[in-house]
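A quick write-up on the structure given underneath.
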Amino acid sequence: MAIAKVIILTGSYGAGHKRAAHALAKALDLNTSQFSTRILDVTSLATPKLDSLEKRTFLSGVTHFPSLYHYIYKKTQKNNIASSLIKKMNRFGIYRLISALEEEHPDLIVSTFPIASVMMSLIKQAEWFTSVPFLTVITDYSVHSTWVNQHTDGYLVASREVKQMLVDMKVDPRKIMITGIPIHPKFSVLQNKNELKEKYHIPYHQKVLLLMGGGGGIFGHFLPILRQLDKMEPDVRIVIICGQNRKIFQQFTQFSRTAKHDIQVEGFVHNMNEWMAIADLLITKPGGLTISEAIASELPMIIYRPLGGQEADNTQFLLSSGISVATNNHSDLVEHLNDLLSNPLTLDIMRNNMKPYSMEQRKSAENAANAIAQFLSAASSIQFA
């Protein structure tokens, strides 16, 4: 039986695109032995000597000039002259990508990164890899024009709402598959909160507040908030996931030693599914992958200081769906926390509002892997059992 080679293109501007790529690769490996997968980071491939500098510059610009970023995002969100110019700027590194793909001989190419989707469209337009099916996985709860390109054979999307956005942008609905945003298969099963509390020696009665900074991070704003949270009356454990940020890890660890409440500081973790199952409430940035993991875990959210662009659109989706609240300032955040942690009924309502999305999201990686298998089977002579 033939083995299909699937190349997954991704990028490092924000952690979510890579996480989606790895979740998809993991699901393909679990789903069938008939695939071999490889992930290519187009940002490091295109400009290897400038990759780190470009990422820092982009994240710094988005963080320090959010209004400008949001203005450009909105001006180019639909297909127009401005968005066409933006797409043409993504020609850098195309020949390196072509060379890498020629070495791989892919049977199918998938993108979890909008710039990679633009690059593949330009490559196919130049008559390269025209017989290789190309799919795009949209990793947000909205659509920007950079995701939508000619020569894209299919789109994997989060929800019916995102599908309708694509249809409104003149995408053939037959090309659109609702799979959920691919998250790690570990999230496929809802875990028992009390069993996990026992595993991690957390009292059953204690509320757990989970804080995640996201790829761009909110931790620079959080130490003053943490001081206010420590004055709250409810018995609460605050779990902070710092990722690779050693400086913040050390600052929060030092603060935790004299705090009134239990403050648990973690670095990079491989058991995020367990922490989300344990938590009663999440404070986070509205990155597509993080909020998808929270939805799969039926974990209510407070979105803190969302930036413009896709973060604003993701926040609007969460608010309109009744599954989060959002705030931009310290005092409102503490007020929301006190209200929600002391009002279990409100949290239950938010969890119930997630249910139309949560089951699909728990199966998202498997759904995406199945969609790829079906698409490739239909598009080629390779037959899958």
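The values are calculated or read from the model by the stated rules, or taken from the named source; none is laboratory data. If you're wondering where the values come from, they're calculated on a predicted model, not measured in any experiment. Note that each Cβ is placed from the backbone with ideal geometry, even for glycine, and that neighbours are counted across all protein chains shown.
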When you look at Leu24, is it in a helix (DSSP H, G or I), more than 20 Å from Val269 (Cβ to Cβ) and either outside the structural domain of Asn367 (by TED's automatic domain parsing) or touching a helix residue (DSSP H, G or I) at 6+ places or on another chain (Cβ under 6 Å) (or both), yes or no?
-> yes
May I ask you to verify whether Ala326 is modelled with pLDDT of 90 or more and under 14 Å from the mean Cα position of the chain (by Cα)?
-> no
Please state which of the following conditions Ala312 fails to meet, knowing it meets all the rest: (1) in contact with a helix residue (DSSP H, G or I) (Cβ under 8 Å, 6 or more places away or on another chain); (2) without any contact (Cβ under 8 Å) to a residue 60 or more places away in the chain; (3) part of a helix (DSSP H, G or I).
-> (2)
Looking at Lys175, Lys199, Lys186, which is the one that is under 21 Å from Ile7 (Cβ atoms) and surrounded by fewer than 20 Cβ atoms within 10 Å (Cβ to Cβ)?
-> Lys175
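Every residue, every condition in (1) among the polar types (S, T, N, Q); (2) assigned to a helix (DSSP H, G or I); (3) assigned by TED's automatic domain parsing to the domain that holds Trp147; (4) surrounded by fewer than 21 Cβ atoms within 10 Å (Cβ to Cβ), yes or no:
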| site | (1), (2), (3), (4) |
| --- | --- |
| Ile263 | no, no, no, no |
| Val269 | no, no, no, yes |
| Ile291 | no, yes, no, no |
| Gln316 | yes, yes, no, yes |
| Val334 | no, yes, no, yes |
| Leu337 | no, yes, no, no |
| Ile349 | no, yes, no, yes |
| Asn352 | yes, yes, no, yes |
Hey, any hits in the range 113-120 for a residue that's touching a helix residue (DSSP H, G or I) at 6+ places or on another chain (Cβ under 7 Å), modelled with pLDDT of 90 or more, closer than 30 Å to Asn328 by Cβ and not β-branched (Val, Ile, Thr)?
-> yes
The range 176-211, residues that are touching a strand residue (DSSP E or B) at 6+ places or on another chain (Cβ under 8 Å) and part of a loop (DSSP other than H, G, I, E, B) = Thr179, Ile181, Pro182, Ile202, Gln206
Restricting the range 153-175 to residues that are in a loop (DSSP other than H, G, I, E, B) and of a type outside the set (Val, Ile, Thr), the one nearest to Gln374 (Cα to Cα) turns out to be Asp153
